[in-house]
Amino acid sequence: MKINILAIESSCDETSASVISDGKILNNIVATQSVHEKYGGVVPELASRAHQQHLVPVIQEAIKTSGLDKKELSAVAFTRGPGLMGSLLVGVSFAKAFAYSLGIPMIEVNHMEAHILAHFIDHPAPLFPFICLTVSGGHTQLVLVKSHLEMEVIGETLDDAVGEAFDKTAKLMGLPYPGGPMIDKFALNGDPKAYSFPLSDMPDLNYSFSGIKTAVLYFLRDRLKENATFIDDNKNDICASVQYTLIKMLMQKLKKAAKIHRINEIAIAGGVSANLGLRAELEKLSSELGWKVYIPSFEYCTDNAAMIAMAAHFKFLNQEFCGLDISPLAKMKIGK
Ligand code: KG4
Ligand code: ZN
């Protein structure tokens, strides 16, 4: 009998469903919530409401395009956390009702572990142990990945996530949400050394990204006093310079982690791993330092249910199921 799993992702502002059959992803349906654009960031209540609207059609489409009948499903997987409580509740509640009605088990998945396990969707996959730099809107972590189900956080941000630094910079510049991809786009044609911003250096393998946000705020305020069109005139250079600083900070600790743990299998994961500058820098380091670098395809960088399905497949093989009394965890930790 094949292991067929329906997976649901609803942790933030993407409603997504995917079906996996014996470890092979059959589809990855994602409904992006455009309702947040005019607010310049995710509005939690609007996100929950949009999940309520999108979830059933997204799941229907995933089941239909998988070619399977829902009676052929072996389990239902869902994101338990971390994420927005109201958004998580929509996915968890649906998963419970669906599993109960079909009499099949449920599998809870940690969203951040799933970002890392997205590396096993396509081949070649990283070899264990590897280090994964997970960079998203809510997290920045260096994770030592020992097996599909054994992970240890060896460094992380002590304040803001790097995705937040991208998004807040974009907001200060008056760019539309989500800001990360906009900064990436303008940075392509800018000079990364045009302006310099402070590099924070935290103890051990930890990061801090709150300082650069304040530095950008004061920098723009001072320049705008002299020239009211400063941002419009220098958009590409500002984006390139901020992005250069953020990537430099990310790479400093990644290099340190690789050295301490003597590992040269290096992966990146999470929404910010879609960043072209970050991808190029990693490719450069791979030839300089002899790293084997793994970069997920764009489809699996930002939030998606295929990564939840992949993580659920490994948990199914290990017979890790959960009960119908499970509840979401907004602050779920890796490896706990
Ligand atoms: O993993 P993700 O989709 O959601 C969370 O779990 O947070 O990550 C979203 C983050 C946002 O901060 C977004 O601006 C950032 O990923 N992002 C990017 C790019 N694409 C998405 N940041 C920089 N460059 C990009 N190309
Ligand atoms: Zn994510």
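Per-structure values
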item: Where a residue in the stretch 69-87 is within 14 Å of ligand 2 (Cβ to nearest atom) and its partner, wherever it lies, is aliphatic (A, V, I, L, M) and open to solvent by 50 Å² or more (accessible area, probe 1.4 Å), with Cβ under 9 Å and at least six apart; result: 80/329; 81/329; 82/329; 83/329
item: Flag if residue 170 is within 25 Å of the chain's Cα centre (by Cα), closer than 24 Å to residue 286 by Cα, within 13 Å of ligand 1 (Cβ to nearest atom) and assigned by TED's automatic domain parsing to the domain that holds residue 283; result: no
item: Residues within the stretch 93-111 that are within 16 Å of ligand 1 (Cβ to nearest atom) and either of a type outside the set (A, V, I, L, M) or outside the structural domain of residue 52 (by TED's automatic domain parsing) (or both), tallied; result: 2
item: Hits in the stretch 41-59 (condition: of a type outside the set (A, V, I, L, M) and in a helix (DSSP H, G or I)); result: 44, 45, 48, 49, 51, 52, 53, 54, 57
item: Subset of the stretch 261-296 [in contact with an Asp or Glu (Cβ under 6 Å, 6 or more places away or on another chain) and within 16 Å of ligand 2 (Cβ to nearest atom)]; result: 275
item: Residue 89 open to solvent by 10 Å² or more (accessible area, probe 1.4 Å), assigned to a helix (DSSP H, G or I), modelled with pLDDT of 95 or more and of a type in the set (A, V, I, L, M, F, W, C); result: yes
item: All positions within the stretch 297-307 that are away from ligand 1 (no atom under 11 Å from the Cβ) and either open to solvent by less than 30 Å² (accessible area, probe 1.4 Å) or over 18 Å from residue 276 (Cα atoms) (or both); result: 305, 306
item: Enumeration of residues in the stretch 221-246 that are within 25 Å of the chain's Cα centre (by Cα) and more than 11 Å from residue 194 (Cα to Cα); result: 243, 245, 246
item: Which listed residue is buried (at least 16 other Cβ atoms within 10 Å of the Cβ) and part of a helix (DSSP H, G or I), from 77, 7, 62; result: 62
item: Condition broken by residue 109, with the remaining ones in (1) within 16 Å of ligand 2 (Cβ to nearest atom); (2) out of contact with any Cys (no Cβ under 9 Å at 6 or more places or on another chain); (3) of a type outside the set (Lys, Arg); (4) part of a helix (DSSP H, G or I) satisfied; result: (4)
item: Output for the stretch 247-296, where each listed residue is among the hydrophobic types (A, V, I, L, M, F, W, C), without any contact (Cβ under 8 Å) to a residue 40 or more places away in the chain, surrounded by fewer than 16 Cβ atoms within 10 Å (Cβ to Cβ) and within 16 Å of ligand 1 (Cβ to nearest atom); result: 280
item: Criterion: within 30 Å of residue 259 (Cα to Cα), modelled with pLDDT under 95 and open to solvent by 40 Å² or more (accessible area, probe 1.4 Å) - qualifying residue of 203, 192; result: 203
item: Counted residues, the stretch 14-40 - those being open to solvent by 20 Å² or more (accessible area, probe 1.4 Å) and part of a loop (DSSP other than H, G, I, E, B); result: 5
item: Test: residue in the stretch 306-327 that is away from ligand 2 (no atom under 16 Å from the Cβ) and modelled with pLDDT under 95; result: no
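A quick yes/no check of all residues on (1) without any contact (Cβ under 8 Å) to a residue 12 or more places away in the chain; (2) part of a loop (DSSP other than H, G, I, E, B); (3) within 16 Å of ligand 1 (Cβ to nearest atom); (4) open to solvent by 10 Å² or more (accessible area, probe 1.4 Å):
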residue	(1), (2), (3), (4)
113	no, no, yes, yes
134	no, no, yes, no
145	no, no, no, no
155	no, no, no, no
165	no, no, yes, no
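The values are calculated or read from the model by the stated rules, or taken from the named source; none is laboratory data. On a predicted model such as this, the values are computed, not experimentally measured, just so you know. Heads up, the Cβs are rebuilt from the backbone with ideal geometry, glycines too, and the neighbour counts pull from every protein chain shown. Accessible surface is based on the protein model in full, side chains and every heavy atom, while ligands, DNA and RNA are left aside. Shrake-Rupley method; radii C 1.70, N 1.55, O 1.52, S 1.80 Å.
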